[in-house]
Amino acid sequence: MSPAPKRTPEILRVSGLKTYFFTRKGVVKAVNDVSFSLKRGEILGLVGESGAGKSITGFSILGLIDEPGKIVEGEILFEGENLLTKTERELEVIRGNRISMVFQDPQTSLDPVFTIGYQIIEALMIHQQMTRSKARRRAIGLLASVGIPSPEERLDDYPHQFSGGMRQRVVISIAMASNPALIIADEPSTALDVTIQAQVLTLMQNLVREHGTAMILITHDIALVGQFCDTICVMYAGRLVEMGPKASVIRAPLHPYTRGLIRSIPGRQERRKRLDQIPGMMPNLINMPEGCPFSPRCDLGNDSCGSRSKLIEIKPGHFTTCWERKA
Amino acid sequence: MNRQAWLDFWEEFRESKIGIMGAAITLLCLLIAVLAPLISPQNPYDLSQLYLQNSHMSPTLLSKWSYEPFVLGSDGQGRCMYSAILYGLRISLYVGLSSTVISAAFGTFLGLVSGYVGGRTDALIMRIADIQLSFPAILIALVIMALWGQGLFKIIIAISVVNWVFYARTARGSTLSEREKDYVDAARATGVSTTVIMLREILPNIVAPIIVIATVRIAHAIILESTLSFLGLGVPITEPSLGSLINEGYQVLFSGYWWITIFPGLGLMLIVLGINQLGDRLRDVLNPRLKR
Amino acid sequence: MLGYLIKRMLQCIGVLFCVSLVVFVIMYYSGDPVEMMLPPEATEKQVEALRHHLGLNKPFHAQYVSFLKNALQGDLGTSFVFNKPAVGLIVERIPATVELAVSAMVLAVIIGIPAGMYAAIRPASWLSKSIMTGSLLGISLPVFWLGIILVLIFSVILGWLPSSGRGETALLAGIRLGFPTKNGFLHLILPSLTIAIFQLALIIRLVRAGMMEVMLQDFIKFLKAKGLSERRIVFVHAMKNILIPVVTIIGLQLGNIIAFAIVTETIFAWPGMGKLVIDSIHGLDRPVVLAYLLIVSLMFVLLNFLVDVVYTFLDPRIRLR
């Protein structure tokens, strides 16, 4: 048995994470020097456009990067231990147990030829060495806790017999099964109907608050993080450009990109007739130049934008890499 | 496909040595097939060039009637095995290619119509295809040849009959997905006739999977021809065929004349291997899904 | 699901009807059997009498109906060569062919599935590469030539295994089988190996392709995120997912094997249905050939139907619709 995890308030610290993909056409720097930390029970929102590197960051934490990707540099401290130095076997003990993940598409997350009961019980028996009957009872309880009606009968159903929202609840129940210290939720509601999205996210929020679980919510929707998260991290083209407490980031964003994201939320358009867009597109991640990745699209700027900058604390707990540093 | 797409394709194709080897072998065999009469020392199917005294000569033994050795031996009729194999490869490729072209054309057309028009035509064509598919190819070809008799033309037709279903099914599947696409709607909206839509708009876009299927079926066709000839139900003995050579050789195998069955077999294996390797590599390169 | 199965069964019957019609048409238009049965000196009257006796002057559909009636009672004509009922001739050779087919398939499955899985999980290892090269070779070799090579190596050169015939047989549950006896078993090896190699290569390629495709699926990543070991992911989850298509293919291939058996039986002088039909074709024994067609069609149709049933049971997505 490994020693009991240290119960410090900080459970995750990512430092200088670099995950690169070595493709035939060049090196894709999907995650390029990302650092952040997470306290016990905190909900952190990792927000950015598609391809910004948010999901890759999530996968890197659990060591789920496949060829041709590789974590080339960095440190991921989970409860004091560096995950990047662990063996595959040690990671298997942590995955689904101390750190769980929820994927985007519930349609494809579950094995179609096994019952959902089997898949929940499998997780329980592997991580907690339960007997089958005890695991079965706990599975029923889990299904109930995520709001699935008649859980006892549903245990023997197959994934295709559930609707999208129900399936995602099942996935969440699997993630919560071993009472993890951290859940990484990668766009958990994106593939669901709009009406179900709020339900699922509220469910997740309640569950993690109830169990004191930390959560990293990865999404492209800044309105969501504004609603459900404690802290917000904004990623662009593989880099973290802003980080801070929700209220501060939403009300007074420091980085032009964040400002653009918030401005494009439909509800905030007030008296405008057209939706505000951020002009241009995210750059090709292969062979990116040094310097602020957002500068081509930015309407501010000074000469320093051509060189890299670190996250600087402008206000307490609120960081940005923008050279302008205007509040 | 534009130039860049071809270059990319070639770049990727080049990476596998097996693919290159397959392409080289296939090209070599094609060359042999075309040039066979020019490069073989003897036309083994011209009776006037055969002397029975030359029969069953082992490789490189001198012929009794000339000072040239039979490089790969001779068979029971005095045929030079080397020449016979060259001619045999020629027939194999001829049958393989022509039956493929015929069944591909026929099958693709039927599949196109079936997929585009839909309704009862589709149901009928697919029903026939399904029934045919529940029987092994060799059986169908065997029955056709058994009842119709031997012959080069007949076997090409028989093999075409066996193979059209594969093309039809693929063509239909692709047509079904292409049919929903915008450019088809656009063409229809401008009043283009159904036939033209099928041939001019959809056909070019479904060619790629057809080619993929063809690479598999050509080898099958070649093996089918040689198998039927081996059984005495394919090309008649008076025409060249690797299959009948192998059969002849097998009958005398226990008398020690091993070269009559081995060398044609090696030739057959070579061409089939070459085509399969080429086809394998082509499929890997053209398959978008496995490229992550 | 029951409705689906009933629909399939009706389809099978329909197919059988089509085949019987095709067979009958061939028979009807392929020459006058009466001419062949009587000596050339027979008078016109005798020919007419025989024709009438055999019912050959009745119209097409009437003849087809009596043909069907006879067929359903098990009478498919008499062999010209053996002068015995064609059905009997074929049926008594079914055990030999089936024994060959089953041994070949068992061999192919036992080696093929593990090999294919290994080639999918560890594609870079030299073993995998040799497996894949081997499988390419396996499907490139014509079955008949492979048989000849095996005979050459194991019978002619090494003299270890017999190359012709079935050897001794023993009665097992009323069926005459070869493998229980040592001699019969030895005779079985080369022919089943010949057929097995092609199937083996096919299964390896299929399993490998299926595994590679399954391993790319999202749920595999989720299983990994759940903390499952690679062994469990591959041998429990991936395996069950590919089992369904693989089982289907195996079932369908059994039909192919019976067809391949024609060639193999010819090479090894194996006394099965295949050899009989080839001999009959060359011997112009048409009733036997047509009876073979009908019986083999029946076998295929039944086989396909069985495969469908198994498939619907295995795939929960179909079973519970």
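For segment A:128-148, check the following and say yes or no: at least one residue is in contact (Cβ under 8 Å) with a residue 40 or more places away in the chain, more than 14 Å from A:N179 (Cα to Cα) and away from every other protein chain (no Cβ under 14 Å). Checked against the condition, which is being in contact (Cβ under 8 Å) with a residue 40 or more places away in the chain, more than 14 Å from A:N179 (Cα to Cα) and away from every other protein chain (no Cβ under 14 Å), segment A:128-148 yields at least one hit.
The set of residues in segment A:105-125 being more than 7 Å from chain C (Cβ to nearest Cβ), in a helix (DSSP H, G or I) and under 19 Å from A:V146 (Cβ atoms) consists of A:P106, A:Q107, A:I116, A:G117, A:Y118, A:Q119, A:I120, A:I121, A:E122, A:L124. Among all positions in segment B:153-162, there is at least one residue which is more than 14 Å from the chain's Cα centre (by Cα) and not hydrophobic (A, V, I, L, M, F, W, C). Against the condition closer than 30 Å to A:G69 by Cβ, buried (at least 24 other Cβ atoms within 10 Å of the Cβ) and out of contact with any helix residue (DSSP H, G or I) (no Cβ under 6 Å at 6 or more places or on another chain), how does A:L254 come out, does it pass? No; evaluated as a whole, the condition is false for this residue.
Taking the conditions exactly as written (within 14 Å of another protein chain (Cβ to nearest Cβ) and assigned to a helix (DSSP H, G or I)), does B:A171 satisfy them or not? It is false that B:A171 is within 14 Å of another protein chain (Cβ to nearest Cβ) and assigned to a helix (DSSP H, G or I). Pairing each residue of segment C:8-31 that is part of a helix (DSSP H, G or I) with any residue that is β-branched (V, I, T) and at pLDDT 80 or above, provided the two are 6+ apart or on different chains, yields C-beta distances under 7 Å for C:C12/C:V301; C:V15/B:I131; C:V15/C:V301; C:L16/C:V301; C:C18/B:I131.
Residues that are assigned to a helix (DSSP H, G or I), closer than 16 Å to C:C12 by Cβ and among the β-branched types (V, I, T) are absent from segment C:279-294.
Remark: pairs (first residue in segment C:128-154, farther than 18 Å from B:T261 by Cβ; second residue crowded, with 22+ Cβ neighbours inside 10 Å and among the charged types (D, E, K, R); Cβ separation under 9 Å; 6+ apart in sequence or on different chains) = C:S128/C:R208; C:I131/C:R208; C:M132/C:R208; C:S135/C:R208.
If I ask for residues that are in contact with a Ser or Thr (Cβ under 8 Å, 6 or more places away or on another chain), within 9 Å of chain C (Cβ to nearest Cβ), surrounded by fewer than 21 Cβ atoms within 10 Å (Cβ to Cβ) and under 17 Å from B:G76 (Cα atoms), which ones from segment B:225-275 would you list? Within segment B:225-275, B:G232, B:L253 meet the criteria. Among the numbered criteria (1) among the β-branched types (V, I, T); (2) within 21 Å of A:T321 (Cβ to Cβ); (3) crowded, with 16+ Cβ neighbours inside 10 Å, which one does A:V72 miss? The number of the failed condition is (3). For segment A:166-182, the condition holds for no residue, the condition being that it is surrounded by fewer than 18 Cβ atoms within 10 Å (Cβ to Cβ), touching a Leu at 6+ places or on another chain (Cβ under 8 Å) and under 19 Å from A:F114 (Cα atoms). Looking at this structure, is A:G96 small (G, A, S) and surrounded by fewer than 23 Cβ atoms within 10 Å (Cβ to Cβ)? The answer is no for A:G96. Checked against (1) away from chain C (no Cβ under 14 Å); (2) at pLDDT below 90; (3) under 24 Å from A:A214 (Cα atoms), A:E88 passes all but a single condition, namely (1).
Filtering C:V143, C:V156, C:V151 for residues that are within 27 Å of B:L228 (Cβ to Cβ) and either surrounded by fewer than 16 Cβ atoms within 10 Å (Cβ to Cβ) or touching a strand residue (DSSP E or B) at 6+ places or on another chain (Cβ under 8 Å) (or both) leaves a single hit, C:V156. Take the residues of segment C:209-259 that are polar (S, T, N, Q) and assigned to a helix (DSSP H, G or I): which is farthest from the other protein chains (Cβ to nearest Cβ)? This residue is C:T248. Restricting attention to segment C:172-208, the residues that are of a type in the set (K, R) and away from every other protein chain (no Cβ under 14 Å) add up to 2. Just one of the listed residues (B:I197, B:I157, B:I211) is more than 14 Å from chain C (Cβ to nearest Cβ), surrounded by fewer than 20 Cβ atoms within 10 Å (Cβ to Cβ) and at pLDDT 90 or above, namely B:I157. Being part of a loop (DSSP other than H, G, I, E, B) and either of a type in the set (D, E, K, R) or outside the structural domain of A:S264 (by TED's automatic domain parsing) (or both) is the filter; apply it to segment A:182-230 and report the residue that is nearest to A:P245 (Cα to Cα). Filtering segment A:182-230 for residues that are part of a loop (DSSP other than H, G, I, E, B) and either of a type in the set (D, E, K, R) or outside the structural domain of A:S264 (by TED's automatic domain parsing) (or both), the one nearest to A:P245 (Cα to Cα) comes out as A:D230. Assigned to a helix (DSSP H, G or I) and of a type in the set (S, T, N, Q): does that describe A:Q168? Answer is yes for this residue.
The residues on offer are B:Y257, B:Y250, and the sole one that is under 17 Å from B:L72 (Cα atoms), of a type in the set (S, T, Y) and modelled with pLDDT under 85 is B:Y257.
Quick one: would you say A:G51 is of a type in the set (G, A, S), surrounded by 17 or more Cβ atoms within 10 Å (Cβ to Cβ) and out of contact with any Lys or Arg (no Cβ under 7 Å at 6 or more places or on another chain)? Yes.
Going by what's in this entry, would A:E42 be described as among the charged types (D, E, K, R) and out of contact with any helix residue (DSSP H, G or I) (no Cβ under 9 Å at 6 or more places or on another chain)? Considered against the rule, which asks whether it is among the charged types (D, E, K, R) and out of contact with any helix residue (DSSP H, G or I) (no Cβ under 9 Å at 6 or more places or on another chain), A:E42 comes out as yes. In summary, C:W270 fulfils each of the numbered conditions (1) in contact with a Pro (Cβ under 7 Å, 6 or more places away or on another chain); (2) part of a helix (DSSP H, G or I) with the single exception of condition (2). For segment A:65-80, which residues satisfy the criterion of being part of a loop (DSSP other than H, G, I, E, B) and touching a residue at least 60 places away in the same chain (Cβ under 8 Å)? Residues satisfying the conditions are A:E79, A:G80. Whether any residue in segment A:108-116 is out of contact with any Phe, Trp or Tyr (no Cβ under 9 Å at 6 or more places or on another chain), touching a residue at least 24 places away in the same chain (Cβ under 8 Å), of a type in the set (D, E, K, R) and buried (at least 18 other Cβ atoms within 10 Å of the Cβ) is what I want to check. Scanning segment A:108-116, I find no residue that is out of contact with any Phe, Trp or Tyr (no Cβ under 9 Å at 6 or more places or on another chain), touching a residue at least 24 places away in the same chain (Cβ under 8 Å), of a type in the set (D, E, K, R) and buried (at least 18 other Cβ atoms within 10 Å of the Cβ), so the answer is no.
The values are calculated or read from the model by the stated rules, or taken from the named source; none is laboratory data. Computed from a prediction, not measured in an experiment: that's the story for all the values here. Note: ideal-geometry Cβ built from the backbone for every residue, glycine included; neighbour counts use all protein chains shown.
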